[in-house]
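Here the structure comes first, spelled out in structure tokens, and everything after it is commentary.
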Amino acid sequence: MDILIEELKGGLWVVALEKNTLQGLEFDPPAEEVRWGSIYWAKVARIDKAQDAVFVNLDGDNIGILYNADVRITQKDGSYKNSGGKDIGKILQPGQMIPVQAKSGYLPKMPDQPYAKSDGKMPRVSMNIMLPGRFLIYAPMEKENRISQRIKDKKLRAQMQIMMDSLGGQSQGCILRAAGADTQTDMLLRESKILSRAWQSIQQYLEGDMPQLIMAGPDAIQRTLSDQATKNIENIEVTTMDHYQLAEEWCDIYAPDLVTKVHPVEIPGGANDFGLFEHYDIIGQIEGLLAPYALLDRGATVIIQEAAAITAIDVNTAADTRGHLAVNLDAAQEIARQIRLRNMGGAFIIDFLRLKNAKEKDKLFKALEGYFNDDPCTVQIHGWSNLGMIEVTRQRRTPALAERFASTMEE
């Protein structure tokens with residue numbers, strides 16, 4: 001796999017290529033006001049009893065919403081607990097300063113948009129801080145180590161739990177990601193110490209009565225390198241020295257094996273356009289992500305229709321003469337890839353071609369589960385509906401690609 005890092009008009013673009021096919025795409029637009037994962041020293045602004053939530057001033061300009069389920073209370077012994085069912089108004093008061101972390105990104109609504117594609121909502125925040133590494137996520141407000149819920153296999157979970165138990169008390173609050181399944185214990189211990197020190201450093205700034213940004217969330221480079229941790233990364237090419245240094249620094253801390261694979265490159269005309277992306281001939285693939293359809297190699301098509309509440313996806317045979325199961329299996333892989341690359345969120349209904357029997361439906365369902373395993377965001381497949389369609393939900397981290405792209409075009 002190759003990682004390509006490019007800058008255009010102040011926006012940071014990072015793609016992951018495998019056999020010259022787009023497998024990952026992250027983009028930080030300059031208009032982004034709140035980035036997923038950012039940590040703030042926030043001030044409680046107003047209590048909303050109806051939603052059992054509070055609105056918090058993040059940095060003097062942006063407001064976030066904190067729901068009761070995301071509240072954490074510091075106890076006398078320094079440990080943390082949730083609200084225990086108490087109304088949020090009995091726990092937090094206007095003017096109170098609290099640490100929070102953005103659980104979603106936020107872009108301002110564009111003038112020509114009737115509603116923002118991110119639902120026009122302010123960013124949701126949580127007091128349950130989580131610091132992502134390459135193999136671990138450090139959650140200092142959790143009492144014990146645990147395995148990522150994305151890992152379903154019981155045998156694998158048992159093996160991973162043994163790894164976590166061997167780390168000892170120094171790693172309390174660590175969540176082992178799927179990427180860490182085959183990682184040596186000493187590497188996990190090293191990363192847990194790095195993340196623990198990062199949290200200690202953050203805590204030094206949690207004081208005063210002025211809301212402010214304490215630490216920006218992972219940028220497109222960090223998200224991509226972390227998400228692709230299980231892949232065999234052969235090359236990381238960067239067109240600007242600033243981003244080269246950022247990539248090298250992240251690798252030096254979390255992925256020393258990748259440091260020698262980070263290379264600055266100079267592409268003629270690269271300062272004014274996507275010189276690096278054009279060199280690899282992937283501009284067409286990126287532009288294709290804005291189309292309401294995707295074409296499969298054998299001629300079948302996947303139609304993607306977005307609405308405010310749900311996204312409908314339809315599979316058509318078109319020029320593909322193979323059986324329905326074969327077409328559906330190819331479509332399932334492409335659907336998972338399209339949803340991931342477009343960074344779509346919310347609810348989906350997928351109308352596959354009609355299958356002959358339960359055995360074929362089960363094979364398709366399991367294949368779709370496997371393809372969604374490559375998604376860094378939380379994806380849940382809820383099963384077959386009464387109408388014979390598969391229902392899926394996805395909780396994204398950052399605004400959808402179309403929304404981020406539109407924010408850049410406005411500038």
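Brief remarks follow.
- Residues considered: Ala308, Ala332, Ala229. Largest GNM mean-square fluctuation over the chain, using C-alpha springs under 10 Å, is found at Ala308.
- 0 to 90° range, to nearest 10: angle between helix 324-342 axis and the chain longest Cα axis: 40
- Exposure proxy ranking for Glu144, Glu33, based on other Cβ atoms within 10 angstrom of each Cβ and starting from the fewest, stands as Glu144, Glu33.
- Centre-to-centre separation between the Cα atoms of the stretch 19-66 and those of the stretch 331-350: 23 Å.
- Amide hydrogen proximity for Ala300: with H placed 1.01 Å from N in the peptide plane, the residues at 5 or more positions away or on another chain lying under 5 Å are Ala319, Asp320.
- The length gained on full extension between Lys19 and Ser166, counted as 0.36 nm times the residue separation minus their Cα-Cα distance, comes to 49.1 nm.
- The residues packed around Ile88, meaning those with a beta-carbon under 13 Å from its beta-carbon, carry a net charge of +1 if Lys and Arg are +1 and Asp and Glu are -1.
- Phe365-Thr321 FRET efficiency (beta carbon distance; Förster radius 30 Å; 0.05 resolution): 0.80
- Global form of the stretch 128-256, assessed from the alpha-carbon gyration tensor, a/c cut-off 1.5: oblate
- Ellipticity estimate at 222 nm from DSSP helix runs (n ≥ 4, -39,500 (n - 2.57)) divided over the chain, nearest 500: -8000 deg cm²/dmol
- At full extension, Thr393 and Ala307 could sit 29.5 nm farther apart than now, given 0.36 nm per residue minus the alpha carbon distance.
- Relative to the longest principal axis of the Cα atoms of the chain, the long axis of helix 241-254 makes an angle of roughly 70 degrees.
- Which of Arg157, Arg298, Arg177 has the fewest Cβ neighbours within 10 Å, and the rest in rising order: Arg298, Arg157, Arg177
- Shape category assigned to the stretch 39-214 from the gyration tensor of Cα positions, a/c cut at 1.5: prolate
- Set Lys81/Lys121; Lys19/Lys361; Lys49/Lys90; Lys43/Lys103; Lys155/Lys231 screened for pairs whose C-alpha atoms are more than 20 Å apart: Lys81/Lys121; Lys19/Lys361; Lys155/Lys231
- Compared with the dominant Cα axis of the chain, that is its longest principal axis, helix 154-165 is turned about 30°.
- Coil-residue trypsin sites (Lys or Arg not before Pro) of the stretch 340-380, DSSP, other Cβ within 10 Å capped at 14: Arg354, Lys356
- Choice from Asn62, Asn328, Asn128 showing the highest fluctuation, given a GNM over the chain with Cα pairs closer than 10 Å: Asn62
None of the figures in this text is laboratory data; all of them are computed from the coordinates on show. These numbers were taken from a predicted model, which means no experiment stands behind them. Heads up, the Cβs are rebuilt from the backbone with ideal geometry, glycines too, and the neighbour counts pull from every protein chain shown.
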